[in-house]
1. Among the numbered criteria (1) loosely packed, with under 11 Cβ neighbours inside 10 Å; (2) β-branched (Val, Ile, Thr); (3) at pLDDT below 90, which single criterion is violated by residue 65?
2. So which pairs qualify, if the first residue must be in segment 53-81 and in a helix (DSSP H, G or I), the second must be at pLDDT below 90 and surrounded by 12 or more Cβ atoms within 10 Å (Cβ to Cβ), the Cβ gap must be under 8 Å, and the two must be at least 6 apart or on different chains?
3. Within segment 39-76, count every residue that is farther than 15 Å from residue 24 by Cα and either in contact with a Cys (Cβ under 6 Å, 6 or more places away or on another chain) or among the charged types (D, E, K, R) (or both).
4. With the structure loaded, tell me whether residue 36 is among the small types (Gly, Ala, Ser) and in contact with a Leu (Cβ under 8 Å, 6 or more places away or on another chain) or whether it fails that test.
5. From 48, 102, which residue is part of a helix (DSSP H, G or I) and modelled with pLDDT of 95 or more?
6. How about segment 82-99: which of its residues are surrounded by fewer than 10 Cβ atoms within 10 Å (Cβ to Cβ), outside any helix (DSSP H, G or I) and of a type in the set (A, V, I, L, M)?
Amino acid sequence: MFEPEGSRKNDLYGWIDDAAPKLLRASRELVESNEAYRVSDEAVAQILTAAIRLYVAKSDGEERTFSPIAGQRDSEMTPTELLSAVSEMLRALHLGPMELALWYRRRPDEDTYSAGGRS
């Protein structure tokens with residue numbers, strides 16, 4: 001069906017796997033050096049849109065979930081960064097917390113009764 005994840009040399013879209021860690025590293029460096037202004041608003045919107053589209057296609061289309069955030073816990077993104085972005089994405093599509101609450105779902109592997117672990 002599909003090639004294993006590590007062998008995408010001949011895949012037309014294999015460059016995305018190569019570019020992703022570079023993009024993550026560049027974003028970290030730009031934020032740490034207070035130089036995020038060097039990337040246009042349009043580029044950020046396009047990257048974010050593409051990432052969301054791919055995440056939904058993979059999680060819904062493949063009927064599975066995976067962490068949409070790189071790293072462990074808040075090693076790559078703070079809760080403030082996440083909530084700021086989510087708030088603006090909701091606002092951009094004229095949605096609010098009520099619509100978010102209606103669509104919120106628990107992951108199948110999430111144990112809601114355990115404090116931080118699986119049962």
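The values are calculated or read from the model by the stated rules, or taken from the named source; none is laboratory data. Everything quoted here is computed from the prediction, not taken from an experiment. Neighbour counts run over all protein chains shown; Cβ positions are idealised from the backbone, glycine included.
1. (1)
2. Pairs that qualify, where the first residue is in a helix (DSSP H, G or I) and the partner is at pLDDT below 90 and surrounded by 12 or more Cβ atoms within 10 Å (Cβ to Cβ), are 59/65.
3. Within segment 39-76, residues that are farther than 15 Å from residue 24 by Cα and either in contact with a Cys (Cβ under 6 Å, 6 or more places away or on another chain) or among the charged types (D, E, K, R) (or both) number 9.
4. yes
5. From the options 48, 102, the qualifying one is 48.
6. Result: 93, single match.
Let's see how each residue does on (1) of a type in the set (Val, Ile, Thr); (2) surrounded by 10 or more Cβ atoms within 10 Å (Cβ to Cβ); (3) under 18 Å from residue 77 (Cα atoms); (4) at pLDDT 95 or above:
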position	(1), (2), (3), (4)
1	no, no, no, no
6	no, no, no, no
9	no, no, no, no
14	no, yes, no, no
19	no, yes, no, yes
23	no, yes, yes, yes
28	no, yes, yes, yes
41	no, no, no, yes
